[in-house]
Amino acid sequence: MGLLPVIAIFLGTRQLLAEAFRIPSGSMEPTLLVGDWLFVNKLRFGPHIPFTSHSLPGYASPKRGDVTVFISPPQDETIRMSPDQVTPTLVKRIVGVAGDTLLMHHGQLAVNGVVVPSPNSFVLPDAVADTPQAIFTWQHQIEIRGSRFGPPVPAPSLHEWGPVVVPTGTFFMVGDNRDDSVDSRYYGPVPRANLRGTPMFVYYSYDPERGVDYFRAVTAIRWRRLGDWIR
């Protein structure tokens with residue numbers, strides 16, 4: 001077999017079936033750790049058609065609770081991991097689907113009036129998390145008034161915002177490590193067309209803060225994480 005067919009098969013598989021993804025930050029701890037490498041199932045939501053905003057049909061619909069890989073909506077320069085990453089590929093959890101009402105009070109997330117516990121115990125001090133930030137004011141565009149959930153928060157902060165309603169055709173993403181995650185609270189709901197798939201399992205993992213310098217990939221392998229299915 002020539003080189004070109006091999007390349008075509010590789011690129012086709014990567015684009016349509018499954019793709020490797022590396023976790024660069026702690027925003028999804030403890031579900032996903034920095035240094036985890038995942039296989040992403042692209043068939044579930046439907047493979048994305050290159051150079052378009054369309055996808056082929058999948059065998060399942062995105063639902064609340066799914067860990068999802070997606071293309072971020074445009075990000076403000078103040079929250080980008082690097083200046084040129086305007087729309088990076090991210091992994092977060094779907095906490096709200098179209099029509100859901102979301103709010104956060106004293107750091108507790110509620111979806112349709114039901115509190116959703118945080119998978120992570122890390123909590124920022126009130127002096128930081130309760131400080132209003134201008135980057136959250138976009139939420140006024142989808143806030144709901146006159147509902148049983150009370151009036152909208154006039155000056156949203158990390159721990160105090162909403163109620164907001166997830167628009168049709170979009171999903172609200174939040175990291176499991178909520179106080180250390182840049183997610184839909186900052187850049188808004190994610191359009192369905194931006195979803196790329198769901199992580200299946202950890203095929204490789206190493207601790208970037210342990211082992212031998214420059215050789216951590218082989219001296220700090222997290223053997224117990226290899227093969228872990230992601231939920």
Cα axis of helix 3-16 to longest principal axis of the chain: angle in degrees, 0 to 90, nearest 10?
-> 20
Per DSSP loop assignment and a cutoff of at most 15 other beta carbons within 10 Å, the chain keeps its longest run without exposed GluC sites (Glu not before Pro) at 78-208
Check each of the trypsin sites (Lys or Arg not before Pro) in the range 106-185 and keep only those in coil by DSSP with at most 11 other C-beta atoms within 10 angstrom; list them in order.
-> Arg145, Arg148
Assign unit charges at the C-beta atoms only (+1 for Lys and Arg, -1 for Asp and Glu), then state the dipole size of the chain relative to its Cα centre in Debye, rounded to the nearest 20.
-> 840
Ordered by number, the chymotrypsin sites (Phe, Trp or Tyr not before Pro) in the range 126-224 that occupy a DSSP loop and have at most 10 other Cβ atoms within 10 Å are Tyr214, Phe215
Could you work out how far the C-alpha centroid of the range 68-109 sits from that of the range 155-231, in angstrom?
-> 10
Around Val182, with a cut-off of 15 angstrom between Cβ atoms, what is the net charge of the other residues, counting Lys and Arg +1 and Asp and Glu -1?
-> -2
Cβ-defined net charge surrounding Gly65, 10 Å radius [Lys, Arg +1; Asp, Glu -1] | +3
What trypsin sites (Lys or Arg not before Pro) in the range 61-93 are in a loop by DSSP, with at most 14 other Cβ atoms within 10 Å of the Cβ?
-> Lys63
Hey, what number do you get for the chain at 222 nm if only DSSP H runs of n ≥ 4 count, each worth -39500 (n - 2.57), divided across all residues, to the nearest 500?
-> -2500 deg cm²/dmol
Neighbour net charge for Pro208 - beta-carbon separation under 12 angstrom, K R +1, D E -1 | 0
Averaged over every viewing direction, what's the projected area of the C-alpha convex hull for the chain? Give it in nm², one decimal, please.
-> 15.2
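Values quoted throughout were computed directly from the atomic coordinates according to the rules given, and no laboratory measurement underlies them. Note that the structure is predicted; figures quoted are calculated from it, not measured. Reconstructed Cβ throughout: ideal geometry from the backbone, glycine too, with neighbour counts over all protein chains shown.
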